[in-house]
1. Which order results if Ser164, Ser103, Ser52 are arranged by neighbouring Cβ count within 10 Å, fewest first?
2. Can you list the lysines whose alpha carbon sits under 27 Å from that of Lys179, skipping same-chain ones fewer than 8 residues off?
3. Kindly provide the helix-only [θ] at 222 nm of the chain, computed as the sum of -39,500 (n - 2.57) over DSSP H runs of four or more divided by all residues, to the nearest 500 deg cm²/dmol?
Amino acid sequence: MIDFLKTAVDKALESDNGHLDLFLRFLYGLSLQSNQRLLQGLLTQEEDNEQSKKEMVQYIKQKLESNLSPERSINLFYCLNELNDQTLVKDIQTHLSKGSLSSVDLSPAQWSALVFVLLTSEEELEEFELQKFKKSDECLIRLSAVIKTSKRALLNDCGLTDKSCPALVTVLGSDTNLKELNMNNNNLQDSGVELLCTGLKNINCKLEILRLNCISITDEGCAALASAFNSNLRELDLSRNQIGDSGVTEISSLLRNSKTLQILRV
């Protein structure tokens, strides 16, 4: 039985579309002793249920340490719930209540637990503020699935670089309700802005407000923004950057030609 359940986990994690996720939860629910009693006529071999449960919990936690996608890791936490093990979740909830996440080095499993807790909260996430967690590229990348569910993403003053931009490109190009992105006072530079533009050009991007105040961009970054202008954007802040005459000309043309852009700060 244990080997079968481990194989089921492996197969579910190999799936790109998650078609085995519900089946996996069902299997783990059946593995509990209380449910095995209902299946006495079908099960031909009884195992030490408590020992089996411990082994399955440990196997799932090992998998959670392997940097899984949010979708796959969330399903494993539902499996842990079926096994009545919430140790990882309770550990993260303790850090959240104490406000101590910024001072703790989280393991991949703990990051996954944090994503699970935030995404399964009953409260609708209107605003995501990165400073409440950790000011780092890693934190943004780890929590990008949470950012995707918010309407306002406040990522300002977090020491971010262009390393975080591919994750934001994925967010902007997904089916998201994100309307406002604040990247003020980070070190994105032109390379980061050029990456962001890939997301801005995506037809799924619904962004209306983009704040890029003091992120060390030049005329080169302005040219990239001008070529990737999003039709939904109504406010763009590029103030306190190293923008020359050619960059100002590029960006100013947006205000003249756009039907939606109402506020432009350079």
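1. Values: Ser164 26, Ser103 9, Ser52 18.
Fewest-to-most ranking of Ser164, Ser103, Ser52: Ser103, Ser52, Ser164.
2. By straight Cα distance, Lys179 reaches Lys132, Lys134, Lys135, Lys148, Lys151, Lys163, Lys201, Lys206, Lys259.
3. Working: 13 runs with 132 residues, N = 266.
Using -39500 (n - 2.57) per qualifying helix, the result is -14500 deg cm²/dmol.
Read the figures in this text as sums done on the coordinates, not as results from a lab. All values derive from a computational prediction rather than experimental measurement. Virtual Cβ from ideal backbone geometry, glycine too; neighbours counted across all protein chains shown.
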